[in-house]
Amino acid sequence: MTDSSSDVGEVEAIADMAGELIHTKMEMARKDTQMTHVMRIGTFHMELVPSRDIDPQKIFNQILDKLMKKYAEKLLEISIQQVKPEGDMDRSRHYG
């Protein structure tokens, strides 16, 4: 008999490794080009590392379609607590 908590631990470890890999890839893109493809809708934020293998417009359109299907008009609703003051923006982001 196996302990199901060990399965959860493995899934968390895999998720952590995937997160670190994605973070590293984003940092490398910023170092190399200082640019990423950015989509921001309401409080939703997504960045893609530039690559010849991806079409950012197609990906962003697919994501937008899925978000609209799931959230409709609520996608654009934000509360005042979710909005950061202009001077409090994350300065590590680079937009190109």
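The values are calculated or read from the model by the stated rules, or taken from the named source; none is laboratory data. Note that the coordinates shown come from a computational prediction; the quantities given were computed from them, not determined experimentally. Neighbour counts run over all protein chains shown; Cβ positions are idealised from the backbone, glycine included.
A few remarks follow.
- Scanning the stretch 47-69 for residues that are part of a loop (DSSP other than H, G, I, E, B) and either of a type in the set (A, V, I, L, M) or under 18 Å from residue 22 (Cβ atoms) (or both) yields 49, 50, 51, 53, 54.
Let's see how each residue does on (1) under 29 Å from residue 77 (Cβ atoms); (2) modelled with pLDDT under 80; (3) not aromatic (Phe, Trp, Tyr):
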{"position": "6", "(1), (2), (3)": "no, yes, yes"}
{"position": "9", "(1), (2), (3)": "no, yes, yes"}
{"position": "17", "(1), (2), (3)": "no, no, yes"}
{"position": "20", "(1), (2), (3)": "no, no, yes"}
{"position": "25", "(1), (2), (3)": "no, yes, yes"}
{"position": "31", "(1), (2), (3)": "no, yes, yes"}
{"position": "36", "(1), (2), (3)": "yes, no, yes"}
{"position": "47", "(1), (2), (3)": "yes, no, yes"}
{"position": "50", "(1), (2), (3)": "no, no, yes"}
